[in-house]
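First the structure, in the form of structure tokens, and then the observations on it.
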Amino acid sequence: MLLQFNFKNFKSFKDDTTLDLTATKISEFNNHVISIANERILPVAAIFGANASGKSNVQEAFRYMAMYVINSLDYGDESDGKKKKSKFFRPTPFLFDSKSKTEESSFEIYFIDSEENGAKTYNYGFTVDSTGVREEWLNYKAKTTRGNYKRIFYRNGEDYDFSGIPSKSQENLKIALEKETLIVSLGAKLKIAKLKFIRDWFLNNDFADFGRPIENFFLSQLIPEGFADNETVRNKVVDYFASFDPSIIGFNVEVLKSDNDDEDEHLKIDAIHRMIDSDQTTSIPLQNESAGTLKMFALYPMLDDVLSTGGVLFVDELNARLHPLLVRAFIITFLNPEINTKNAQLIFTSHDSWQLNGNILRRDEIWFAEKDLNGISNLYSLADFVDEDGVKIRKDENYEKNYLLGKYGAIPSLRYFDMFKEE
């Protein structure tokens with residue numbers, strides 16, 4: 001489970017920023033807290049804020065880190081002795097400051113493995129600038145350890161400490177490592193178990209950004225694994241839809257081949273509905289269903305994936321095109337230990353203040369992103385927020401009302417559209 005994500009100098013976040021999923025010592029909804037070893041962890045983090053406040057950039061920072069870990073073997077790779085054009089994924093630092101603009105960006109996580117795997121806690125991170133990796137580190141501590149972490153490796157420029165890696169693998173890393181490649185990525189390719197484990201942890205996480213039209217379209221084309229040829233999978237999807245749209249009672253799936261290429265196949269999916277005046281059924285193309293239904297269909301493969309692996313699901317604009325009660329049901333899926341048996345986590349952004357009404361989320365599960373007059377975003381938790389009198393927020397406050405009144409910040413600074421007035 002993810003314990004903490006730290007990053008700095010990425011897009012609108014200039015300074016050190018922390019998203020902490022460890023539970024604070026507050027009394028509400030103690031049933032949300034998952035205890036593993038010495039850690040008390042939360043399954044949900046909700047980030048609210050105005051448009052352009054930077055809340056989406058929290059997800060983008062984590063996605064950047066994950067994509068770099070997964071893909072960095074392609075950065076500066078060599079093939080048949082010839083240098084390929086690097087696909088190096090340069091970070092986007094804070095651009096409104098001459099110093100930050102040229103400095104490295106940093107990304108760091110703390111996460112804990114499951115009890116059955118020993119409940120070790122890991123700390124992994126790296127810094128990267130426009131030329132490549134500047135620093136990289138990996139540390140761990142055992143379940144019974146309350147003190148310092150033990151080093152697995154540390155990298156600073158071309159200086160390496162591989163003290164926690166088997167000696168027979170150290171030389172291979174030194175020979176093959178390039179400036180733009182992460183040690184974790186290379187180590188996974190070399191089948192070094194400790195490093196492959198870290199790479200695989202990132203592979204178990206999923207991302208959905210419904211605020212981007214292109215990504216939204218791509219997500220709408222995803223289908224659950226086995227959906228085309230496994231009736232059990234299709235029935236499970238029907239049960240999923242029945243929780244919010246019982247009009248869909250099944251799916252017809254047809255594999256179509258391209259006229260120009262016998263190997264090029266695509267699926268034609270129809271949703272089956274009952275006729276209202278007979279016992280017969282009718283079907284319509286899935287793409288003709290409502291935008292909300294298509295969004296829930298797009299979310300299903302990722303939801304199924306993280307629930308089965310215990311991964312983290314990041315969803316930007318979870319509320320878009322979904323009824324607040326449906327969003328609530330989606331959140332509760334992660335809060336229900338009978339469903340979320342692998343301790344998957346949900347981190348989402350939203351404009352829907354209804355989810356702040358105080359009867360679903362703990363104060364430490366509620367986060368706000370706010371951008372100041374210099375264009376710098378800040379991230380803070382409701383549990384840590386203090387009012388103008390220095391008093392922390394009580395659990396019996398009306399969070400939704402106070403948020404919309406501006407008591408917690410992170411709302412738009414509005415001016416009415418006077419420019420349309422006739423002079």
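Can you pull out every residue in region 2-37 that is free of Cβ contacts under 8 Å to residues at least 24 places away in the same chain and assigned to a loop (DSSP other than H, G, I, E, B)?
D16, K25, V33
Can you find a residue that is under 22 Å from F5 (Cα atoms), out of contact with any strand residue (DSSP E or B) (no Cβ under 9 Å at 6 or more places or on another chain) and either touching a residue at least 40 places away in the same chain (Cβ under 8 Å) or of a type in the set (A, V, I, L, M) (or both) anywhere in region 389-396?
no
It is to be established whether one or more residues within region 184-201 are assigned by TED's automatic domain parsing to the domain that holds Q345, surrounded by 19 or more Cβ atoms within 10 Å (Cβ to Cβ) and aromatic (F, W, Y).
Yes; the residues of region 184-201 include at least one that is assigned by TED's automatic domain parsing to the domain that holds Q345, surrounded by 19 or more Cβ atoms within 10 Å (Cβ to Cβ) and aromatic (F, W, Y).
Quick check on my filter: what residues within region 103-117 are part of a loop (DSSP other than H, G, I, E, B) and more than 15 Å from N343 (Cα to Cα)? Can you show your working first?
From region 103-117, those part of a loop (DSSP other than H, G, I, E, B) are 103-104, 113-114; that's our starting set.
Those that are part of a loop (DSSP other than H, G, I, E, B) and more than 15 Å from N343 (Cα to Cα): E103, E104.
Sort out for me the helices (runs of 4 or more DSSP H) sitting completely within region 121-208 that have 3 or more residues that are within 25 Å of P93 (Cβ to Cβ), at pLDDT 95 or above and touching a Leu at 6+ places or on another chain (Cβ under 7 Å).
In region 121-208, the matching helices (runs of 4 or more DSSP H) lie at 183-189.
Give the number of residues within region 87-106 that are at pLDDT below 85, over 24 Å from L2 (Cβ atoms) and touching a helix residue (DSSP H, G or I) at 6+ places or on another chain (Cβ under 8 Å).
Matching residues across region 87-106 total 1.
Please enumerate the residues belonging to region 83-120 that are out of contact with any Leu (no Cβ under 6 Å at 6 or more places or on another chain), aromatic (F, W, Y) and touching a residue at least 60 places away in the same chain (Cβ under 8 Å).
Within region 83-120, F88, F94, F96, F107 meet the criteria.
Which condition from (1) at pLDDT 95 or above; (2) under 20 Å from the mean Cα position of the chain (by Cα) is the one that E338 breaks?
(2)
With D20, D15 as the choices, which residue is among the acidic types (D, E) and either in contact with a Ser or Thr (Cβ under 6 Å, 6 or more places away or on another chain) or crowded, with 18+ Cβ neighbours inside 10 Å (or both)?
Checking each option against the conditions leaves just D20.
If I ask for residues that are more than 19 Å from E254 (Cα to Cα) and either part of a helix (DSSP H, G or I) or at pLDDT 95 or above (or both), which ones from region 282-297 would you list?
Hits for region 282-297 are A291, G292, T293, K295, M296.
Among the numbered conditions (1) buried (at least 20 other Cβ atoms within 10 Å of the Cβ); (2) over 21 Å from F5 (Cβ atoms); (3) out of contact with any Lys or Arg (no Cβ under 8 Å at 6 or more places or on another chain); (4) assigned by TED's automatic domain parsing to the domain that holds A66, tell me where K179 comes up short.
(1)
Out of all the residues in region 103-119, is one or more crowded, with 20+ Cβ neighbours inside 10 Å and in contact with a Pro (Cβ under 7 Å, 6 or more places away or on another chain)?
yes
Based on what the data block shows, is H273 part of a strand (DSSP E or B), modelled with pLDDT of 90 or more and either within 30 Å of F314 (Cα to Cα) or not assigned by TED's automatic domain parsing to the domain that holds V315 (or both)? Talk me through it step by step, then tell me what you get.
On the way: part of a strand (DSSP E or B): yes; modelled with pLDDT of 90 or more: yes; either within 30 Å of F314 (Cα to Cα) or not assigned by TED's automatic domain parsing to the domain that holds V315 (or both): yes.
Yes: the conditions hold for H273.
Spot the failing condition for R328; the list is (1) under 28 Å from V253 (Cα atoms); (2) assigned to a helix (DSSP H, G or I), and only one is missed.
Checking R328 against (1) under 28 Å from V253 (Cα atoms); (2) assigned to a helix (DSSP H, G or I), the one that fails is (1).
Report whether or not L325 is farther than 18 Å from A208 by Cβ, of a type in the set (A, V, I, L, M, F, W, C) and surrounded by fewer than 17 Cβ atoms within 10 Å (Cβ to Cβ).
Answer is yes for this residue.
Which ones in region 38-54 are in contact with a Phe, Trp or Tyr (Cβ under 7 Å, 6 or more places away or on another chain) and either part of a strand (DSSP E or B) or on the phi < 0 side of the Ramachandran plot (or both)? Even if it seems obvious, please write down each step before you answer.
Here is the first cut: in region 38-54, the ones in contact with a Phe, Trp or Tyr (Cβ under 7 Å, 6 or more places away or on another chain) are 43-49, 54.
Within region 38-54, P43, V44, A45, A46, I47, F48, G49 qualify.
The values are calculated or read from the model by the stated rules, or taken from the named source; none is laboratory data. These numbers come from a predicted model, not from an experiment. For neighbour counting, all protein chains shown are included, and Cβ atoms are generated from backbone atoms with ideal geometry for every residue, glycine included.
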